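Please read the structure below before turning to the comments.
Each reported figure results from applying straightforward, stated rules to the coordinates on display, with no laboratory input. Predicted, not measured: the structure shown is a model, and the values here were computed from it. Neighbour counts are summed over all protein chains in view; Cβ atoms, including those assigned to glycine, are modelled from backbone coordinates with ideal geometry.
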Amino acid sequence: MRARLNRALLIGLQRPDQSTEEARGLLDELDELVTNLGVEVEGELMVKLREDHPRHLVGTGKMEEIAALAKGLDCGLIVFDDALSPAQQRNWEKDAPGLSVIDRQEVILDIFVTRAKTREAVLQVELAKLQQQLPRLKRLWSHLDRQRGGGSTQRDAGETQLEMDQRKIRDQIAKVRRELGEVVRQRATQRKQRQRVPLPTFAIVGYTNAGKSSLLNRLTGADVFAANQLFATLDPTTRRLNLPSGRILLLTDTVGFVRRLPHRLVEAFKATLEESLQADVLLHVVDLGSPERERHAATTLEVLKEIGAGDRPVLTILNKADLLTDPFDRAEALAQHPGAILISTLTGEGLDKLAVRLDELAAEHDKEMILLIPHDRYDLVARIHQNATVIESKTLDAGTRLVAIIPERLRSTVEPFALPI
């Protein structure tokens with residue numbers, strides 16, 4: 001049975017309000033998600049669905065057709081590219097014995113389980129998994145219902161065990177929430193400490209597998225894990241970036257987005273995604289190699305709105321330009337995203353131009369000032385040298401005279417020492 005569970009039949013659903021291309025794109029994405037779990041996809045079936053059926057999501061005749069196809073392909077697993085209710089999942093496994101039936105949300109959760117590394121990510125994933133398991137517990141004890149028969153109203157071992165398991169999971173959820181709250185508070189403290197350093201902050205956002213971690217690595221020399229797979233990294237990473245002018249900014253890589261991301265994961269990862277809320281500028285990375293890039297870009301912007309980051313300034317970065325060799329295709333991509341910058345993290349194309357643009361955006365938060373810092377405030381002189389761009393420095397009898405480009409967050413600290421320009 002274990003071997004058959006590694007062989008899957010994928011079921012796509014095309015509703016009346018969906019185009020064939022959109023439904024096909026979602027099914028292709030499900031194929032990639034399932035493959036990322038190490039499961040072999042043996043077949044796919046697209047079902048045109050006029051309305052949802054309460055028992056199996058699809059009609060009884062289509063359910064029987066799908067079950068027969070799965071068994072004919074020697075698959076032990078059926079994966080729906082849409083959410084199944086706990087009752088529908090139980091009905092499938094009751095009416096199609098020998099087959100396990102899951103949905104896209106469960107696949108994404110399982111991927112997150114395998115990719116979570118930091119304490120916060122592990123706890124976030126564990127919370128989402130427990131919340132998903134709770135309403136599905138009943139199917140684990142349905143064999144005792146069948147042994148009892150339908151006529152008994154007496155509380156039995158199965159019912160008692162179900163209640164015990166539900167209580168146990170609720171206790172685990174409460175415990176994980178407490179631990180997660182503590183971790184989130186610790187990270188908030190770390191963020192406040194970073195914000196005391198008056199540097200502009202930019203966050204890299206985008207659809208999963210668009211090349212966000214690769215961009216962070218190329219720009220900052222970081223060693224964040226980057227691979228050609230969905231959700232290669234789940235944890236935010238912040239690095240300092242030295243710009244051509246000498247300015248410094250903080251650059252953060254965030255978790256990637258995906259269509260039909262389980263809502264409980266949006267909630268569970270909200271603390272991680274809040275890095276986007278704190279950023280001065282969002283760098284939206286779009287994968288030029290994906291035929292679904294426009295939908296992916298729209299999904300990213302929609303999720304940013306959901307978490308309250310929709311009003312942040314956005315610079316669109318079109319990655320994997322090495323895949324577009326036709327000048328017309330490049331021109332078309334730039335026309336679709338006015339103001340975007342074309343780059344390749346693989347070849348390095350466009351990275352110099354991107355660095356200049358980042359410098360310009362950082363400069364919008366800066367102001368050139370002339371300062372006279374007293375000799376007894378050498379600590380402030382050192383801080384300015386570390387966190388601002390010093391154009392000129394001269395020692396005078398009254399103190400140190402500096403001409404410097406001061407970041408916005410440092411301005412209130414140095415204002416008392418400002419001289420007229």
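Using 0.36 nm per residue and subtracting the Cα-Cα separation, the extra length available between residue 403 and residue 46 on full extension is 121.9 nm.
Couplings 3J(HN,Hα) for the range 319-333, derived from phi with the Karplus relation 6.51 cos²θ - 1.76 cosθ + 1.60 (θ = phi - 60°), are 8, 6, 4, 5, 7, 9, 9, 7, x, 5, 4, 5, 5, 5, 4 Hz, where x marks Gly and Pro. Across the range 75-82, coupling constants 3J(HN,Hα) worked out from phi with the 6.51/-1.76/1.60 Karplus curve, θ = phi - 60°, read 9, x, 10, 10, 10, 8, 8, 6 Hz, and Gly and Pro carry x. Please state the shape class of the range 67-112: rounded when a/c is under 1.5, otherwise prolate if a/b exceeds b/c and oblate if not, all from the C-alpha gyration tensor. Because a/c hits 1.5 or more and a/b fails to exceed b/c, the range 67-112 counts as oblate. Taking the Cα centroid of the range 3-25 and of the range 30-77, what is the distance between the two, rounded to the nearest whole Å? So the separation of the two Cα centres works out to 8 Å. Amide H contacts of residue 257 (H built 1.01 Å from N, in plane; Pro and chain starts excluded): 206, 207, 208 sit under 5 Å, all sequence-distant by 5 or more or on other chains. Restriction of the GluC sites (Glu not before Pro) in the range 4-55 to DSSP coil positions whose beta-carbon has at most 11 other beta-carbons within 10 angstrom yields 51. Amide hydrogen proximity for residue 15: with H placed 1.01 Å from N in the peptide plane, the residues at 5 or more positions away or on another chain lying under 5 Å are 49.
With 0.36 nm allotted per residue and the present C-alpha distance subtracted, the residue 242-residue 32 stretch has 72.0 nm of extension available.
Using 1/(1 + (r/R0)^6) with R0 = 51 angstrom and r between the beta carbons of residue 55 and residue 332, what's the FRET efficiency to the nearest 0.05? Don't skip to the end; give the middle numbers.
Working: r = 46 Å, r/R0 = 0.91.
According to the calculation, E is roughly 0.65.
What is the distance in Å between the Cα centroid of the range 344-421 and that of the range 295-341? Distance between centres, Cα-based: 31 Å.
Give the calculated FRET efficiency between residue 349 and residue 17 to the nearest 0.05, with a Förster radius of 45 Å applied to their Cβ-Cβ distance. Walk me through the intermediate numbers first.
Working: r = 39 Å, r/R0 = 0.87.
Efficiency, from the Cβ-Cβ distance: 0.70.
Computed 3J(HN,Hα) for the range 54-70, one whole-Hz value per residue from the Karplus formula 6.51 cos²θ - 1.76 cosθ + 1.60 where θ = phi - 60°, is x, 7, 10, 6, 9, x, 4, x, 5, 4, 5, 5, 5, 4, 5, 5, 4, glycine and proline marked x. For residue 342, the amide hydrogen comes within under 5 Å of the amide hydrogens of 318, counting only partners 5 or more places away or on other chains and with H modelled in the peptide plane.
Pairwise Cα separations in the range 290-342 fall into 5 Å bins from 0 onward with the following percentages, short to long: 4, 17, 26, 25, 14, 8, 5, 1.
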